[in-house]
Every structure is written in C-alpha cells, then in structure tokens.
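S.K.: Take a look at this one; I'll ask things after.
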Amino acid sequence: MSTMRAALLAGLTVTAFLTAPTSMAVADAADEIPAGPYTASVLNESALNPTVMGSQVGQPVADVSMVLLPDGTIRAFVFVQSRGLEVADSTDGGKTFTRVGSVFGSDNGYGFPRVVKTGDGRLRLYSSTSGGIACLVSSSLTSYKFTLEKADCIPSAPYGTAITGPGIVKLANGTYRAFFSDFVSAGGGPKARSIYSASSPDGTTWTADPGVRYGPGSAITRSGEHPAAVLHPDGSIGLFAFDAGVGPGGVPSGPMGLYYARSTDGGLTFGEPTAISLTNAVGQGFGNDPDVILRADGSVLLSAGGFAPSVGGYIGTYVLANPPTESPTIAVTCKAKVTVSARTVRCRGSSTGIDPGSMLMPYVRYSPKDTWVMVSGTPPTVSTKGTFTWTFKLTKKKSMVYVYFAHGTTKSVSVAVGL
C-alpha cells in the first residue's frame with residue numbers, strides 16, 4: 001500500500017483477560033481467547049505513532065498486527081507512510097514500543113499485514129496486493145524478514161473488489177478460515193463495507209466462501225472494515241471490526257466505533273454486534289484495523305488505530321476483559337459546608353461494575369416534593385482504589401438537601417444532607 005491511508009484507517013490495540021489460555025502461542029490462529037462481550041482498559045492510547053516509528057508527524061501509522069515472541073516480547077508489524085511495513089518491539093506487555101527495522105527495506109506495495117504462526121517454527125505474513133492477498137514466510141519466529149511464498153494466495157477476483165489483509169482462525173477440524181473486507185482506499189471517505197471469508201486446509205491454498213459474512217449483503221447491516229478474528233474455547237469465533245458509521249449509500253447507520261460479533265457455525269453467520277468502548281484522548285474516529293492476541297500472562301491485548309492531524313496515524317493498546325457479572329452499584333456519603341458566601345456539598349463514594357471517572361453529575365432536590373435537578377460541579381477526583389470525591393455548590397438557602405448519583409439506569413440511594 002504505497003498511497004496514504006484515509007484518516008480513519010489507523011490501527012487498534014486490544015485489552016487483556018486474566019483467564020489462562022489453553023495454549024500459549026505466538027499470534028497462533030488456534031489460540032483460544034475468552035468470548036465477549038468485553039470491557040477495555042487502556043494501556044497507551046498512542047503506543048505506536050510517527051514519532052515512535054521515526055516518521056514525520058502527521059503521516060499515517062496504521063494496520064497493526066502483533067505477535068508474541070518466545071521471550072515474551074510483543075512484536076508489532078505496522079504500515080508506515082512512504083516506508084511500507086515496519087517493525088517495533090514492546091517488552092512491557094504492549095504499553096510502549098521501540099522501532100526495530102523494516103520488513104522489506106522500502107515500501108514495496110504490501111499493506112494490511114497480518115502475521116500468524118505457521119506451526120513449524122516460522123511466521124506467515126498475509127498482506128494485501130493488487131491481485132488479492134499474498135502469503136509470505138519468515139525463516140524463524142524471531143525473524144521479521146519475509147520471502148514471497150505465494151502471490152495472490154487469496155485472490156480478490158471471486159469477491160469483485162480489492163480486499164484487505166485477513167483475520168485468521170483455525171477451526172477444530174483443522175480448517176483455516178480467513179475474514180477480510182473490501183479494500184479501504186485513501187481519500188474515498190466513509191463507506192459501508194462488507195466482510196467476506198475464505199477457507200483453506202493448510203493456510204496457503206484458499207477457496208472463496210460464497211456470500212457475505214458481515215455488513216451489507218449479510219443479515220448484519222452494520223458496516224465492517226479490516227476485521228480481526230479469534231477462536232473461543234467453545235469453538236465459536238469472535239470478529240472485531242470497525243464501523244465508520246455509514247450504511248449503504250452513505251446514509252448514517254449509527255455510532256462510529258469498534259464492534260464485536262460472535263459466530264457459532266464456524267464463521268458463516270454472526271450474531272448482532274456489540275460496541276467495545278475505547279477511551280481516546282488523541283483524536284476522533286478511533287478503533288480501526290484491530291488486532292487481538294494473547295500476552296505472556298494469558299491476558300488479551302487489543303490494538304487499534306485512529307488519526308489526528310497533530311499526530312498522524314497512531315495505534316493504541318488495551319487489555320480486554322469480560323464485564324462484571326454482578327449488578328453495578330453506586331454508594332455515596334455527603335457532608336455540607338456552610339459559609340457566609342456559599343453552601344458547598346462534598347460527596348464521597350464508590351462503585352462496582354462502573355468506572356467512577358465516568359459518573360454523571362449528582363442530582364439534588366430541597367424537599368421530597370421537589371423535582372430532582374442535575375447540578376454542575378467540580379469533575380470527580382478518583383483514587384487508585386476506585387473511590388471518587390465530588391464537590392458542588394447549592395443555589396438555595398434551605399436547611400436540608402437530598403442527593404443521589406446516577407450512571408445510566410444505575411442510581412445510588414439518595415442521602416439527606418443537613419445545611
């Protein structure tokens with residue numbers, strides 16, 4: 001991919017699970033990752049960016065694929081504008097990276113990389129070319145130099161469109177299944193994308209699966225770009241895909257972001273996608289080009305990307321986990337401070353199953369007959385133990401005020417505060 005990617009095409013990084021996997025591997029297509037839905041905890045919202053990769057600020061860094069090396073190092077393969085496929089290593093679980101070198105020494109037209117373990121001590125690189133997806137192979141697990149194994153390993157002709165690099169899983173019967181979307185070209189703007197699939201007995205000889213797996217043309221109308229695929233312990237398949245928020249004809253279809261869907265029939269049909277909430281203080285349109293791997297401790301790492309003019313294309317990393325099974329709760333205690341000039345209430349609380357930093361404003365009323373009113377105040381201070389403190393001023397001179405906190409449909413018990 002020698003031309004600049006569109007701004008929404010930067011790569012993602014995923015979250016980790018504390019559940020031990022059934023096998024420890026190097027981005028193996030047979031790795032088993034706990035099924036979603038997921039919550040995501042940020043490691044680094046801009047773990048890979050032009051500065052880290054030695055490129056100019058404002059240039060694209062995108063299309064991440066990560067592998068776990070035998071010594072626990074996480075190796076990232078990314079597309080860097082004007083350089084092609086580049087490599088960076090992390091020794092702290094995906095939080096920070098250091099550039100290692102170039103795969104080919106130049107931008108030679110390969111894009112959308114996806115690197116998986118072959119099973120015989122090597123790595124296979126799947127990458128988009130003009131005719132489809134090429135297969136390349138390394139000499140060892142630690143080598144980041146690849147030689148062409150098979151051009152147009154997955155030809156694009158059966159799909160009637162150029163295709164992205166694939167997400168790949170290995171089913172229990174030994175069959176490989178690859179998932180990829182129609183190609184996202186630079187400067188074309190948001191467009192509804194469809195995800196297709198192909199099957200292979202060995203990872204190098206592929207046959208197109210008929211129909212559309214996800215997006216326009218399938219039972220799922222939500223758009224899906226450049227997906228990542230994982231195998232779950234029960235044999236089901238998880239698919240991670242970015243939706244630019246547009247449907248057929250460019251009509252807005254819903255919130256832009258990263259979505260997860262699950263298949264119980266070997267990846268032929270998927271259930272309704274659910275959103276994965278990712279914090280992103282760098283720029284908008286974040287969550288594209290995801291990849292998901294196991295870390296050395298068995299947790300799950302998500303990588304994904306975005307674009308901000310002040311930075312360029314960048315890739316964030318996250319740890320994925322299942323949401324709490326218990327019902328979310330909020331508990332608070334409040335005290336008042338009355339001075340000549342102001343009446344201030346200071347509330348201290350804790351929550352379970354809710355990020356305390358995302359709490360909504362408190363609600364108050366001055367008598368049991370009044371309507372509850374949301375009040376403004378100082379954003380909460382959150383401690384390392386997950387407790388929060390919120391301070392706000394009252395506008396009426398009353399002897400009593402009632403206060404509660406809410407997050408969505410979850411509410412704390414209201415407390416009476418004497419003034």
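S.K.: Being more than 18 Å from Leu231 (Cα to Cα) and assigned by TED's automatic domain parsing to the domain that holds Lys411 is the requirement here; does Ala275 meet it?
M.R.: No; evaluated as a whole, the condition is false for this residue.
S.K.: Of the residues Asp202, Asp234, Asp182, which single one is without any contact (Cβ under 8 Å) to a residue 40 or more places away in the chain and out of contact with any strand residue (DSSP E or B) (no Cβ under 7 Å at 6 or more places or on another chain)?
M.R.: Asp202
S.K.: Right, next: Looking only at the range 125-160, count every residue that is free of Cβ contacts under 8 Å to residues at least 40 places away in the same chain and hydroxyl-bearing (Ser, Thr, Tyr) and tell me the total.
M.R.: 8
S.K.: Restrict the check to the range 75-93 and report whether at least one residue is outside any loop (DSSP other than H, G, I, E, B), assigned by TED's automatic domain parsing to the domain that holds Arg177, modelled with pLDDT of 50 or more and more than 17 Å from Asp289 (Cβ to Cβ).
M.R.: Within the range 75-93, one or more residues are outside any loop (DSSP other than H, G, I, E, B), assigned by TED's automatic domain parsing to the domain that holds Arg177, modelled with pLDDT of 50 or more and more than 17 Å from Asp289 (Cβ to Cβ).
S.K.: Sticking with this structure for a sec: If a residue has to be assigned to a strand (DSSP E or B) and under 25 Å from Pro158 (Cβ atoms) to count, how many in the range 113-131 make the cut?
M.R.: In the first step, residues of the range 113-131 are kept if they are assigned to a strand (DSSP E or B); the result is 113-117, 123-129.
Adding the requirement that they be under 25 Å from Pro158 (Cβ atoms) leaves 113-116, 124-129.
Number satisfying all stated conditions: 10.
S.K.: Does Ala229 count as crowded, with 24+ Cβ neighbours inside 10 Å, at pLDDT 95 or above and of a type in the set (Gly, Ala, Ser)?
M.R.: So Ala229 fits the description; yes.
S.K.: Under 8 Å between Cβ atoms, at least 6 apart or on separate chains: pull out the pairs that start in the range 74-87 with a residue that is without any contact (Cβ under 8 Å) to a residue 60 or more places away in the chain and end on any residue that is among the basic types (Lys, Arg).
M.R.: Glu86/Arg99; Val87/Arg75; Val87/Arg99
S.K.: Provide a single number: the residues in the range 232-244 that are surrounded by 23 or more Cβ atoms within 10 Å (Cβ to Cβ) and not hydrophobic (A, V, I, L, M, F, W, C).
M.R.: 2
S.K.: Can you tell me how many residues in the range 104-124 are crowded, with 24+ Cβ neighbours inside 10 Å and either without any contact (Cβ under 8 Å) to a residue 60 or more places away in the chain or in contact with a helix residue (DSSP H, G or I) (Cβ under 7 Å, 6 or more places away or on another chain) (or both)?
M.R.: Adding up the residues that qualify gives 1.
S.K.: Of the numbered conditions (1) within 20 Å of Tyr196 (Cα to Cα); (2) in contact with an Asp or Glu (Cβ under 6 Å, 6 or more places away or on another chain), Lys117 fails exactly one; give the number of that condition.
M.R.: Result: Lys117 fails condition (1) only.
S.K.: Residues to consider are Ala321, Ala304, Ala229; find the one that is within 19 Å of Thr96 (Cβ to Cβ) and under 18 Å from the mean Cα position of the chain (by Cα).
M.R.: Answer to the check: Ala304.
S.K.: Looking at the range 360-374, can you tell me whether even one residue there is in contact with a Pro (Cβ under 7 Å, 6 or more places away or on another chain) and either modelled with pLDDT of 80 or more or exposed (fewer than 12 other Cβ atoms within 10 Å of the Cβ) (or both)?
M.R.: Let us first name the residues in the range 360-374 that are in contact with a Pro (Cβ under 7 Å, 6 or more places away or on another chain), namely none.
No - not one qualifying residue is present in the range 360-374.
The values are calculated or read from the model by the stated rules, or taken from the named source; none is laboratory data. Since this is a predicted model, take the numbers as computed values, not measurements. Reconstructed Cβ throughout: ideal geometry from the backbone, glycine too, with neighbour counts over all protein chains shown.
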